[in-house]
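The structure appears below as structure tokens.
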Amino acid sequence: GSGDQQSLDERLPVTVEPISPPSTMTMGSPETVSLLVVNHSSQPMNIQLQMRMNEQSGVVTCGQSYLSVGEVGASGGSTTVDIRLIALVRGLFKIQGAYCVDLSTGTELKQPPLFQVFVQGNDSGVEEEKQ
């Protein structure tokens, strides 16, 4: 069959897609990643994005891990939220542990891993402040 990827999207009424996520991160240096939250269902939803620490390894959320997305319109309505991530150890990691919770019904939608990132060490030994 064609479109095996498609069935995954159809199963989830809400999806979270990273917008140009980084492919590499430096250990100990926080990154902000924008996420597009899309409501595929036929009802508007009041959504909270939860980044659950116990399902994260290597790269974890820093700062707020429960973000109010607010009301997202039905049938493809979308909202963008920013999360902050920090890499704790070197290696290749999946950014995971994301859940969308519909606050009006309490329904939890576990998201597949958002993206993969390679974490490199901070070899210079000097913290560079990127603005």
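The values are calculated or read from the model by the stated rules, or taken from the named source; none is laboratory data. Computed from a prediction, not measured in an experiment: that's the story for all the values here. Positions of Cβ are generated from backbone atoms using ideal geometry, with glycine treated the same way; all protein chains shown enter the neighbour counts. SASA here: full protein model, heavy atoms, side chains in, ligands and nucleic acids out. Shrake-Rupley method; radii C 1.70, N 1.55, O 1.52, S 1.80 Å.
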Cβ pairs under 8 Å, 6+ apart or interchain, first in region 52-78 and in contact (Cβ under 8 Å) with a residue 40 or more places away in the chain, second loosely packed, with under 13 Cβ neighbours inside 10 Å, ordered by first then second residue, are GLY58/VAL89
Picking from LEU12, LEU49, the residue that is touching a Leu at 6+ places or on another chain (Cβ under 7 Å) and at pLDDT 95 or above would be LEU49
Counting only strands (runs of 3 or more DSSP E) entirely within region 38-125, those with at least 3 residues that are open to solvent by 40 Å² or more (accessible area, probe 1.4 Å) and more than 20 Å from PRO22 (Cα to Cα) are 66-72, 107-110
| Residues in region 27-36: is at least one at pLDDT 95 or above, surrounded by 15 or more Cβ atoms within 10 Å (Cβ to Cβ) and either among the aromatic types (Phe, Trp, Tyr) or closer than 16 Å to LEU109 by Cβ (or both)? | yes
